[in-house]
Amino acid sequence: MIADNIASINARIQAAAQASGRNGQDIRLLAVSKRQPLTSLQQAIACGQKDFGENYLQEAVEKITLLSGAATFHFIGPLQSNKVKLAVTHFAYIHTVDRLKIAASIAKHAAALSKTQKILIQVNIGREVQKSGVLPEDAEELLRKIQQYPALELCGLMTMPPLAHHPEESRPYFSQLRELGEHLQHQGLLATRSPLELSMGMSGDYEVAIAEGATMIRVGTAIFGSRVEQHSTA
Ligand SMILES: *Cc1c(COP(=O)(O)O)cnc(C)c1O
């Protein structure tokens with residue numbers, strides 16, 4: 001089932017890329033494996049899946065350790081100061097940097113490990129009170145301050161738009177994130193990679209996200225089925 005899901009999502013990624021005149025190779029599928037057992041990740045890896053997104057550090061580190069280098073891991077959950085060292089040690093990318101204090105802490109631990117940590121800035125593009133992320137108008141100042149840390153590589157932006165009942169409802173948020181990213185790149189505040197790294201789109205709306213410029217889509221349930229939800233202790 002996981003194999004069929006990955007194959008059909010990859011086909012839909014290619015089709016969505018083609019429909020918007022993009023190169024399918026510029027779009028990376030992140031399999032969001034939070035609350036999924038190790039065997040599910042192993043099945044996905046056997047199908048050629050390389051990138052995984054995880055939200056809960058303790059749970060993730062167990063799986064990462066057992067897989068010993070077989071995949072690339074992206075941290076996509078809320079990050080607390082006391083967990084930063086663990087995140088820097090085990091994750092290739094951290095998608096959820098939204099304040100200077102966390103950026104400084106990541107930089108400190110990355111430098112200690114002689115690592116350049118790839119990060120994305122999480123933007124609260126829908127301006128929801130309950131959501132993490134820097135407000136769009138505060139992103140430029142945050143990025144300017146983050147430039148002082150050579151141990152950080154600022155790859156791009158990440159967002160989670162407001163919960164939608166139809167994928168088209170997410171489109172304006174995705175295009176706003178792309179426009180913000182282009183503006184910041186133009187200011188010299190983001191890596192000059194082309195296309196700009198944009199982490200957006202989930203199971204229900206990744207095709208719309210691709211049409212709006214997503215380079216990393218974070219897909220969980222459409223690959224693995226529903227999760228065993230429980231309160232986080234990580
Ligand atoms: C869980 C999660 C996803 C995946 O959501 P699905 O709807 O299962 O595809 C993507 N991004 C973040 C930040 C998540 O926490």
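Scanning segment 107-118 for residues that are part of a helix (DSSP H, G or I) and out of contact with any Leu (no Cβ under 8 Å at 6 or more places or on another chain), we see that the one that is surrounded by the fewest Cβ atoms within 10 Å (Cβ to Cβ) is Ala112. When Pro136, Pro150 are checked against the criterion of being surrounded by fewer than 19 Cβ atoms within 10 Å (Cβ to Cβ) and either of a type outside the set (Asp, Glu) or out of contact with any Pro (no Cβ under 9 Å at 6 or more places or on another chain) (or both), a single residue qualifies: Pro150.
Residues being touching a strand residue (DSSP E or B) at 6+ places or on another chain (Cβ under 9 Å), buried (at least 16 other Cβ atoms within 10 Å of the Cβ), free of Cβ contacts under 8 Å to residues at least 40 places away in the same chain and not aliphatic (A, V, I, L, M) are represented in segment 179-198 by at least one member. Is there a residue being away from the ligand (no atom under 15 Å from the Cβ), on the phi < 0 side of the Ramachandran plot and either assigned to a loop (DSSP other than H, G, I, E, B) or surrounded by 17 or more Cβ atoms within 10 Å (Cβ to Cβ) (or both) anywhere in segment 207-223? Yes, that holds for at least one residue. Being more than 16 Å from the ligand (Cβ to nearest atom) and not small (Gly, Ala, Ser) is the filter here; which residues of segment 7-19 pass it? Result: Gln14, Gln18. Scanning segment 199-218 for residues that are in contact with a helix residue (DSSP H, G or I) (Cβ under 6 Å, 6 or more places away or on another chain) and hydrophobic (A, V, I, L, M, F, W, C) turns up Met200, Val208, Ala209, Ile210, Ile217.
Against the numbered list (1) small (Gly, Ala, Ser); (2) near the ligand (Cβ under 9 Å from one of its atoms); (3) buried (at least 22 other Cβ atoms within 10 Å of the Cβ), Ser203 comes up short only at (3). Please pick out the residue among Glu169, Glu141, Glu229 that is more than 20 Å from Leu120 (Cα to Cα), over 18 Å from the mean Cα position of the chain (by Cα) and at pLDDT 95 or above. Exactly one of Glu169, Glu141, Glu229 is more than 20 Å from Leu120 (Cα to Cα), over 18 Å from the mean Cα position of the chain (by Cα) and at pLDDT 95 or above, namely Glu169. Within segment 177-200, the only residue that satisfies the criterion of being hydroxyl-bearing (Ser, Thr, Tyr) and within 15 Å of the ligand (Cβ to nearest atom) is Ser199. Any chance segment 153-176 includes a residue that's assigned to a loop (DSSP other than H, G, I, E, B), hydroxyl-bearing (Ser, Thr, Tyr) and either free of Cβ contacts under 8 Å to residues at least 24 places away in the same chain or within 14 Å of the ligand (Cβ to nearest atom) (or both)? No, the conditions are met nowhere in segment 153-176.
The values are calculated or read from the model by the stated rules, or taken from the named source; none is laboratory data. Note that the coordinates shown come from a computational prediction; the quantities given were computed from them, not determined experimentally. When we count neighbours, we look across all protein chains shown, and the Cβ atoms used for this are built from the backbone with ideal geometry, even at glycine.
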